[in-house]
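Colleague: Before I ask anything, let me first share the structure, which is written out below as structure tokens.
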Amino acid sequence: MSAVTSPGGTPQHIAIVMDGNGRWATRRFLPRLAGHRQGMESLRRCIRACLDRGVAVLTVFAFSSENWNRPADEVSGLMELLVTALAKEMPQLQADQVQVHFVGERAGLSDKVRTGLDQAEAATAGNRRLVLNVCFNYGGRWDVAQAAARLAAQGQPITELSLHQAMALAHVPDPDLIIRTGGELRLSNFLLWQAAYAELYFSERLWPDFDEAELDHAISEYARRERRYGQTSEQLGMAADQKAA
Ligand code: FPP
């Protein structure tokens, strides 16, 4: 992992299912794509907020393996939004030292989109302040399967460690906090492997309405949780006492 670590109490890695763009638009009698454009604004605000709070890694779910089933104009609109947003945001991402990764299957994407993703990754590879993973044409099951297939093809043993290292998010630690906006209470094939010990936070806000105050609420909720990783509270207390002694 190449980013800095986060200050105490702040999750090092926040991952977000940015849900609710469509409903945000429909409530305003706008096309769904207007909701995705507003969602892009919300993502820009969220990146800024993560930079300000010293979060080291932000992972967002922008397009799932299943989103191909949406109306064709929405799919092509999302592809176009990605390419234009990347070109537009690049100077600010560079100025803010954001290292961008696209996580997901490249096959199936157009040459134009693939080139945009490759160029953005190459241009920001040396940045160190925040790692931004944009999950695009991504599914948690796809990631487990592609990692296992790659290990099998190389004749490698399949263990928790080898699988972890072969997965698409091997360059960052597992998420500490997973946020889902839009009021639904499920993971929808997001970070299935990496979510093992993440704290979950569900927000009623639609993604375009997700702001700094709601992010801070999620972070303070996270800071109150006791992460036991299978241990008991008493064991954690004893370990803390020994560390302090
Ligand atoms: C889910 O909301 C959102 C998406 C499928 C797209 C997420 C995209 C963005 C936030 C914009 C940034 C875009 C890129 C390409 C980086 P939904 O449409 O399922 O909302 P609904 O549940 O209200 O219909």
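Colleague: Taking H as built 1.01 Å from N, whose amide H comes closer than 5 Å to the amide H of Thr59, not counting residues under 5 places away?
Modeller: Amide H neighbours of Thr59, under 5 Å, 5+ apart: Ile14, Ala15, Ile16, Asn133.
Colleague: When Rg is the radius of gyration of the Cα atoms in region 144-210 and Rh is its Kirkwood radius, what does Rg/Rh come to?
Modeller: 1.11
Colleague: Moving on to the next point. Report the rotationally averaged projected area of the chain based on its alpha-carbon convex hull, in square nanometres.
Modeller: 14.9
Colleague: Heavy-atom accessible area per residue, region 11-140, 1.4 Å probe: how many Å²?
Modeller: Value returned for region 11-140: 42 Å² of accessible area per residue.
Colleague: Moving to a separate point now. At 1.4 Å probe size, with no ligands or nucleic acids counted, give the accessible surface of Lys112 in Å², nearest ten.
Modeller: 120
Colleague: At a 1.4 Å probe radius, which order do Ile158, Ile219, Ile16 fall into by accessible area, largest first?
Modeller: Ile158, Ile219, Ile16
Colleague: Follow-up. Expressed as a whole percentage, what fraction of the accessible surface of region 1-84 belongs to carbon and sulfur atoms when a 1.4 Å probe is rolled over the protein heavy atoms?
Modeller: 55
Colleague: Something else about it: Taking the Cβ-Cβ separation of Arg150 and Gln231 as r and a Förster radius of 35 Å, what is the calculated FRET efficiency to the nearest 0.05?
Modeller: The computed FRET efficiency comes out at 0.60.
Colleague: A further question follows. Rounded to the nearest 10 Å², what accessible area does Arg23 show when all protein chains are kept and the probe is 1.4 Å?
Modeller: Rounded to the nearest 10, that gives 80 Å².
Colleague: Also: Expressed as a fraction of 2.2 N^0.38 Å, the rule-of-thumb size for a compact globular protein of N residues, what is the C-alpha radius of gyration of region 35-113?
Modeller: 1.16
Colleague: Another question about this same structure. If DNA, RNA and ligands are ignored and the probe is 1.4 Å, what is the ranking of Tyr222, Tyr138, Tyr197 by accessible area, most exposed first?
Modeller: Tyr197, Tyr222, Tyr138
Colleague: Please list, in chain and number order, the residues 5+ apart from Val100 or on another chain whose amide H is under 5 Å from its amide H, with Hs placed from the backbone.
Modeller: Thr124, Leu132
Colleague: How far apart, in nanometres, would the label points at Phe29 and Ile158 be if each is projected 7 angstrom from Cα along the Cα-to-Cβ direction?
Modeller: For Phe29 paired with Ile158, the spin-label model returns 5.4 nm.
Colleague: Report the extension gain between Glu41 and Lys88 in nm, rounded to one decimal, defined as 0.36 nm multiplied by the number of residues separating them, less their alpha carbon distance.
Modeller: 15.7 nm
The values are calculated or read from the model by the stated rules, or taken from the named source; none is laboratory data. These figures come from a predicted structure and were not determined experimentally. Heads up, the Cβs are rebuilt from the backbone with ideal geometry, glycines too, and the neighbour counts pull from every protein chain shown. Keep in mind that these areas ignore ligands, DNA and RNA; they rest on the heavy atoms of the full protein, side chains included. Shrake-Rupley method; radii C 1.70, N 1.55, O 1.52, S 1.80 Å.
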